[in-house]
Amino acid sequence: MTIDVDIKRLQWRAHHRGTKEADLLIGGFFDAHHATWDAAQRATFAQILDEQDVDIMAWALGTAAPPERFAGPMIEDLRKLNYIRVAK
């Protein structure tokens, strides 16, 4: 699979979660960070996308700890929440 196809698949999965809130949080995170990810980071994000939205959102908001396999820089960046665009 080429990187472009991989990125497009991740983009679609990140932006089509089922709720507007999850789309904004997870899709916004993808938009802000995917350009700097290497293959291992893309694979980690794909694994995160396999998890339930409520869990991902809880990790981002700090109301639940992520599984050890996800602990690290990606979750730390997810928790910053500086990638969510809010309409004014």
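Bear in mind these aren't lab numbers, they're just calculated from the coordinates by the rules spelled out. Small disclaimer: the values here were computed from a predicted structure and weren't measured. Neighbour counts are summed over all protein chains in view; Cβ atoms, including those assigned to glycine, are modelled from backbone coordinates with ideal geometry.
Among residues of the range 10-29 that are in contact (Cβ under 8 Å) with a residue 24 or more places away in the chain, those with a Cβ under 7 angstrom from a residue that is aliphatic (A, V, I, L, M) and part of a loop (DSSP other than H, G, I, E, B), sequence gap 6+ or separate chain, pair up as LEU24/ILE84; LEU25/ILE84; GLY28/ILE84.
Within the range 62-88, residues that are β-branched (Val, Ile, Thr) sit with their Cβ atoms under 6 Å from residues that are surrounded by 10 or more Cβ atoms within 10 Å (Cβ to Cβ) and part of a loop (DSSP other than H, G, I, E, B), at 6+ positions apart or across chains, in these pairs: ILE75/PRO66.
Within the range 8-43, restricting attention to residues that are part of a helix (DSSP H, G or I) and charged (D, E, K, R), the residue that is nearest to PHE70 (Cα to Cα) is ARG42. Mind listing whichever residues of the range 44-88 are under 19 Å from THR19 (Cα atoms), out of contact with any Phe, Trp or Tyr (no Cβ under 8 Å at 6 or more places or on another chain) and outside any loop (DSSP other than H, G, I, E, B)? ALA46, LEU49, ASP53, VAL54, ASP55, ILE56, MET57, ALA58, LEU61 - these are the residues of the range 44-88 that are under 19 Å from THR19 (Cα atoms), out of contact with any Phe, Trp or Tyr (no Cβ under 8 Å at 6 or more places or on another chain) and outside any loop (DSSP other than H, G, I, E, B).
Mind checking whether some residue in the range 69-86 is among the aliphatic types (A, V, I, L, M), loosely packed, with under 10 Cβ neighbours inside 10 Å and farther than 16 Å from HIS15 by Cβ? Within the range 69-86 (the criterion being among the aliphatic types (A, V, I, L, M), loosely packed, with under 10 Cβ neighbours inside 10 Å and farther than 16 Å from HIS15 by Cβ), the answer is yes, since at least one residue qualifies.
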